[in-house]
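Undergrad: First the structure, then my questions, so here it is.
The values are calculated or read from the model by the stated rules, or taken from the named source; none is laboratory data. For clarity, every value in this text was computed on a predicted model and none was experimentally measured. Please note: Cβ atoms are built from the backbone with ideal geometry, for glycine as well, and neighbour counts cover all protein chains shown. Surface areas here come from the heavy atoms of the whole protein model, side chains and all, with no ligands, DNA or RNA. Shrake-Rupley method; radii C 1.70, N 1.55, O 1.52, S 1.80 Å.
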Amino acid sequence: MRLLFGIVAIATVPAWLGVHVNSASAQTFNDRWSIIPKAHAEPAPEALDETRQNPLEQPPTGEPKRRSEDRSAPRSSNRVFSGKASYYSYPTGKTAGGSSFKRDTLTAAHRKLPFGTRVRVTDLASSKSVVVRITDRGPWVRARVLDLSLGAARSLGITDRGVARVRAEVL
């Protein structure tokens, strides 16, 4: 009896799968292996608006159009921000930019500024300033805007405080 039940089960399962599951042979290679799902939506009907004009034929408005040569430099130049800065000084290692970390150099870590960006950091308490280069990512403490290397912290005189209010200007 068990043998008969096993044979029926073995024959029934593939037959059921063949009826209820889409066959892989019915799909194309791209449909089967694409990581982008197919959208099966109908296109939106076009509005019947006869007063609509071609955007290229619209009359000019009062403001002149800006050309690419009129645009100023990227927004990050002359960007100023302020907040708390700390310093870090592990002995050796690699930075997120791939260079080797030397704690006595004038470098800093910022969350989003591109590597190699030069930033003038000014301590608001003493008005001392130093120019650092962004070579790492951080700080990972939410309330801080920069992590300075030990050399930059010494130049500002914040090693005894650990954390200082600073003003940073992207050069």
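Undergrad: How much length is gained if the chain between Ser82 and Arg161 is pulled fully straight, taking 0.36 nm per residue apart and subtracting their Cα-Cα distance, in nm to one decimal? Intermediate values should be presented prior to the final figure.
TA: Details: separation 79, 0.36 × 79 = 28.44 nm, distance 1.74 nm.
Length gained, Ser82 through Arg161: 26.7 nm.
Undergrad: Skip the ligands, DNA and RNA, and give the accessible area per residue of segment 79-171 with a 1.4 Å probe, whole Å².
TA: On a per-residue basis, segment 79-171 sits at 53 Å².
Undergrad: Next question. Local charge sum around Leu146 (other residues, Cβ-Cβ under 10 Å, Lys/Arg +1, Asp/Glu -1)?
TA: Values: positive: Lys84, Arg111, Arg144; negative: Asp147.
Residues close to Leu146 contribute a combined charge of +2.
Undergrad: Thr105's amide H: which non-local residues (gap 5+, or another chain) put their own amide H closer than 5 Å, with H modeled 1.01 Å from N in plane and none for Pro or chain starts?
TA: When sequence neighbours closer than 5 places are left aside, the close amide H contacts are Gly151.
Undergrad: Applying the Karplus parametrisation 6.51 cos²θ - 1.76 cosθ + 1.60 with θ = phi - 60° to the phi angles of segment 158-171, what ³J(HN,Hα) value in whole Hz is obtained for each residue in order, glycine and proline being reported as x?
TA: Per-residue couplings from phi come out as 10, 5, 6, 7, x, 10, 9, 7, 10, 10, 10, 10, 6, 8 Hz.
Undergrad: Same structure again: Can you say what percent of the DSSP beta bridges in segment 92-156, counting only those with both residues inside, are antiparallel? Round to 5.
TA: Of all bridge pairs located within segment 92-156, approximately 75 percent are antiparallel.
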